[in-house]
Each structure stands twice: as structure tokens, then as C-alpha cells.
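> Quick one: structure below, then a few questions.
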Amino acid sequence: MAEIAHGGTSAPSMRPPAVEIGVIGWVRKNLFGSLGSSLMTLLALYFLVTTIPPLLDWAIFKAIWSADTSAPCKADGAGACWAFIAEKHRLIFFGTYPYAEQWRPLLATALLLGMVIASCDRRFWNRWMLAWWVGGLAVCSTLMWGGVFGLTYVSNLDWGGLPLTIIMAVIGSVFAFPLGLVLALGRRSHMPIIRWLSVAYIELIRGVPLITILITASVIFPLFLPAGVNIDKLLRAQVALILFEAAYIAEIVRGGLQAVPRGQHEAADAIGLSFFQKQRKIILPQALTMVIPPLVGNFIGLFKSTTLVVVIGLFDFLNSAKAALTDLNWRGFSIELYLFTAAIYFLFCYSMSKYSQSLERDLNKGNRR
């Protein structure tokens, strides 16, 4: 200030010390800011140094990537046997689907995933979405079952692997979501009968494990059918998943509905909107935006819960992978198998998680502070 008053020149700018800014500053603040932090950093470094090199050595540098038999994998000093995955990849991915026809579930899965990815783009959120979903599901069903257009018929008892997991998870989510919306609105209804029925359904379904519902749908439900009437096992399992998932979606959506300010309801009523107009244009868009994270978490849980269909004789991706271990010539490589399946599950679940974060950011732009 003295220099400015007497000489009219500004004081020279003072930069922070080099140890307080940049990479050095970040390391000092976050990794060595205190004695406890320094000890934890050193322990973490020791753990990484002692585990990562051997892990890379086993998984990459000494791994067996190609082999006709398991003999090279069992040799002294051999690393991970990824040749086992390469040898059994068709069984792991497609289960017992006929070998010569496995291009069909591959194409059906690619089409289904393409429809899901396209539906994630908000530019395709229009009235035509339902039409091309119906058409796409019809094409996928034709490819999987066959029996028409010169395609060999394949019973869904032979379906398995990743296509079965994706089909059950996608169809379960697509049909459970609107049912969950109806249940959430029904639970908040002013009509006692509708509210009581919605509450009874939600509490009953949420009060029993999924495996119980699957066994009921597969074993107990057919006992009540008239003689000569039979409902497909896969269809029963799919309906069980939908009914189970809808109950949890209903509670998630109900939480979002309760979070919408009362003034929004009053404003909609003041301008003369009907119940359905109010819900479609004002209430549900706000409620669903607030519950995107738990909704996606629920969909991720459904994707992983498809492994339980093994109790009714259906082999999803994980259980088809486990079936590969029954080959006596390739026994003893379960670690590689489970790491591979875990990576596939992580890829799908992480993609859903990242999309939910992106969608949440886009829809909450107006509410950021």
C-alpha cells in the first residue's frame, strides 16, 4: 500500500510456494497431510508394490492364451489359463443352444442391446418408441425360437448363457417399470380399495425372497392349472421376475412422488389439468428425475438376480460358465472363469451406472446451484 501511495506502482504479485500447488501440493495435502495419513499411504504403497507385479505376471506375462489341451496350463510356472476361456467360450456365452445355430442368439442379443442403447438417447423418446420395441422383440423372438422362415426350431429349454441373461433382464425391466408406476400411483390413491390392493401387493411381494417366487411360479403354480394346460417355464420365470421387480420399483417411485412439493400439485389443479395430465406433464417427470440413482441400482440388481433362475432349470450366463468346469480335461481353472464372468458383469453394470449419472446431470441442469 505504501508503494501505491507514494510511487503509484502496484506491489509485485506473490505466488504460493511450489510445495503448496500442483502435483507436489496435492500429494502433500492428501497423502501426507498428517501422521495417520502418511502411515496409510505407505501401507497402501507397500501393498501395491507387493501385489500388482505378481498379479500382472500371473494374469498377463506368464499366462497361457492358446492351447489345445490343458497340459501347458498345468506346467510348472504357468500363469493364468485364458486358453480355457477361449476353448469354452461358446458354452459360456450361449449355453446349450445348438452349436450351428449360435449366430441367431448372437444376432438377437446384438439387436436387443442396440434397442436399449438407442432408447437411452433422448432424441428417440417419442411415440414411435413403443412400435419399434414391439417390432424388435418380435424379431428377437423369431431368431431365438425359429420354426419360421427356414429357421430350425429351438426350444427355450436350450436357451442359456449371456443371451438368456440379457433377455430376462431387459424384458423384466421394460415390463416391470410401467407396472411399478401404476402400483406407486395406486398406493397414493384416494380410493381405499385401490390403495389397499396396491399396499397388499407391494408388501407381500417385498416380504418374500425372489427364489421363493421363482419356485412358486415353476413348481406350485402349474398344480393349479386345468388338466392339459401348460405354461412355458421361461415365461413363468419371466413373469415372476417382472412381478418381483415391480414391487421394488413402486416403492422407489413412491419416494419420488412424495418428494415433489405440494405446490406443484396445487398449481396443476389450479390450471385445470386432469389427473393423468398432471401426472404425465408435471408430477412424474420431477419424481422420476429425483429417483434415477435408486432406479438404476434396482435394474442392476435385476440383471444380477437372473442367476437365481438356475433353481428352476434355466442356465443364465454365470451358470453356463460354471457348466464349463464339468469338463474333466479342463478342471481346476475356476479362478480364471470367475474373473472373466465378473468382468462381463462389471462391464454391463458399470455402463448402466455411468448412463444414470449422465442422465441425472442432463435432467438436473435447471436445479444446479
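> Mind listing the phi-derived Karplus ³J(HN,Hα) values for region 43-56, rounded to whole Hz, using 6.51, -1.76 and 1.60 with θ = phi - 60°, and x for any glycine or proline?
Ordered by residue, 3J(HN,Hα) equals 5, 5, 5, 4, 5, 5, 5, 7, 10, 5, x, x, 5, 4 Hz.
> Have a look at V139, F299, A227 and report the one farthest towards the positive end of the charge dipole of the chain, computed about the Cα centre with Cβ charges (Lys/Arg +1, Asp/Glu -1).
After comparing all options, I get F299.
> Also: Here are labelled values, (1) 66, 42, 41; (2) 106, 79, 40; (3) 70, 50, 38, and one is the computed Cα extents along the principal axes in Å for what I pasted. Which one?
Entry (2).
> Arrange the residues D269, D76 by how much accessible surface each exposes, largest first, with a 1.4 angstrom probe.
Values: D269 85, D76 155 Å².
Ranked list, largest accessible area first: D76, D269.
> Could you give me the ³J(HN,Hα) list for region 312-317, computed from phi with Karplus coefficients 6.51, -1.76, 1.60 and θ = phi - 60°, whole Hz, x at Gly and Pro?
Calculated HN-Hα couplings, in order: 10, x, 9, 10, 7, 4 Hz.
> To continue, here is another question. Order the following by accessible area, largest value first: M352, M168. Probe radius 1.4 Å; ligands, DNA and RNA are ignored.
Values: M352 55, M168 0 Å².
In descending accessible area the options line up as M352, M168.
> Calculate the dipole size of region 256-369 relative to its Cα centre from +1 charges on Lys and Arg beta carbons and -1 charges on Asp and Glu beta carbons; express the result in debye to the nearest 20. It would help to have the intermediate numbers written out before the result.
Details: 12 positive and 7 negative charges, 90 e Å.
Using Cβ point charges on Lys, Arg, Asp and Glu, region 256-369 gives about 440 debye.
> Charges only on Cβ, +1 for Lys and Arg, -1 for Asp and Glu: so what's the dipole of region 88-198 about the Cα centre, in debye to the nearest 20? Working shown, then result.
Numbers: 9 positive and 3 negative charges, 95 e Å.
It comes to approximately 460 debye.
> Which whole-angstrom value gives the distance between the alpha carbon centres of region 333-356 and region 118-166?
Here the answer is 23 Å between Cα centres.
> Would you mind classifying region 220-369 by shape? Square roots of the alpha carbon gyration tensor eigenvalues, ordered a ≥ b ≥ c; an a/c under 1.5 is rounded, otherwise it is prolate if a/b is larger than b/c and oblate if not. Working shown, then result.
On the way: a/c = 4.76, a/b = 1.65, b/c = 2.89.
It is oblate, given that a/c is not under 1.5 and a/b is not larger than b/c.
> So, with +1 on the Cβ of K and R and -1 on the Cβ of D and E, and no other charges, what is the size of the charge dipole of the chain about its Cα centre, to the nearest 20 debye? Could you put the intermediate results ahead of the total?
Details: 30 positive and 20 negative charges, 220 e Å.
Once rounded to the nearest 20, the dipole reads 1060 debye.
> Moving on. Working with all protein chains in place, sort W330, W82, W58, W26 by solvent-accessible area computed with a 1.4 Å probe, largest first. Each step should come with its number before you reach the end.
Working: W330 10, W82 50, W58 75, W26 145 Å².
Per-residue accessible area, sorted high to low, gives W26, W58, W82, W330.
> Whose amide H sits under 5 Å from the amide H of V260, counting only residues 5 or more places off or on another chain, with H placed in the peptide plane?
When sequence neighbours closer than 5 places are left aside, there are no close amide H contacts.
> Could you compute the FRET efficiency for L157 and Q357, with r as their C-beta to C-beta distance and R0 at 51 Å, rounded to 0.05? Show your work: numbers first, answer last.
Numbers: r = 39 Å, r/R0 = 0.76.
Result of the calculation: an efficiency of 0.85.
> Ignoring everything except DSSP H segments at least 4 long, calculate the 222 nm mean residue ellipticity for the chain; use -39,500 (n - 2.57) per segment, divide by total residues, nearest 500. Spell out each step's value before the answer.
Working: 17 runs with 228 residues, N = 369.
One gets -19500 deg cm²/dmol as the mean residue ellipticity at 222 nm.
> List the cysteines in the chain whose Cβ has no other cysteine Cβ under 4.7 Å from it.
C120, C140, C349
> Rounded, prolate or oblate: which fits region 37-131, taking a ≥ b ≥ c as square roots of the Cα gyration tensor eigenvalues, rounded meaning a/c under 1.5, else prolate when a/b beats b/c?
Details: a/c = 5.49, a/b = 1.39, b/c = 3.94.
Oblate.
> Using a 1.4 Å probe and ignoring any ligands, DNA or RNA, find the accessible area of L225 and quote it in Å² to the nearest 10.
The accessible area comes out at roughly 40 Å².
> Further, regarding this structure: At a probe size of 1.4 Å, how large is the accessible area of W132, to the nearest 10 Å²?
Roughly 80 Å² of W132 is accessible to a 1.4 Å probe.
> Right, another one. Using Cα pairs under 8 angstrom and six or more residues apart, how large is the relative contact order of the chain, in percent? Could the numbers behind the result be given before it?
Values: 362 pairs, mean separation 67.2, N = 369.
It rounds to 18 percent for the chain.
> Moving on to the next point. Using only protein heavy atoms and a 1.4 Å probe, report how much of R262 is accessible, in Å² to the nearest 10.
It works out to around 150 Å².
> Would region 168-222 count as rounded, prolate or oblate if I go by the C-alpha gyration tensor, calling it rounded below 1.5 in a/c and otherwise prolate when a/b exceeds b/c, oblate otherwise?
On the way: a/c = 2.74, a/b = 1.51, b/c = 1.82.
Judged from the Cα gyration tensor, region 168-222 comes out oblate (a/c at least 1.5, b/c at or above a/b).
> Follow-up. Would you please give the FRET efficiency between R262 and A200, computed as 1/(1 + (r/R0)^6) with r the Cβ-Cβ distance and R0 = 30 Å, to the nearest 0.05? Display every interim value, and only then the final one.
Values: r = 27 Å, r/R0 = 0.90.
That gives a FRET efficiency of 0.65.
The values are calculated or read from the model by the stated rules, or taken from the named source; none is laboratory data. What you see is a predicted model; the values in this text were computed from it and never measured. Cβ coordinates were reconstructed from backbone atoms using ideal geometry, including for glycine residues, and neighbour counts include every protein chain displayed. Quick note on the areas: whole protein, heavy atoms, side chains included, nothing else; ligands and nucleic acids left out. Shrake-Rupley method; radii C 1.70, N 1.55, O 1.52, S 1.80 Å.
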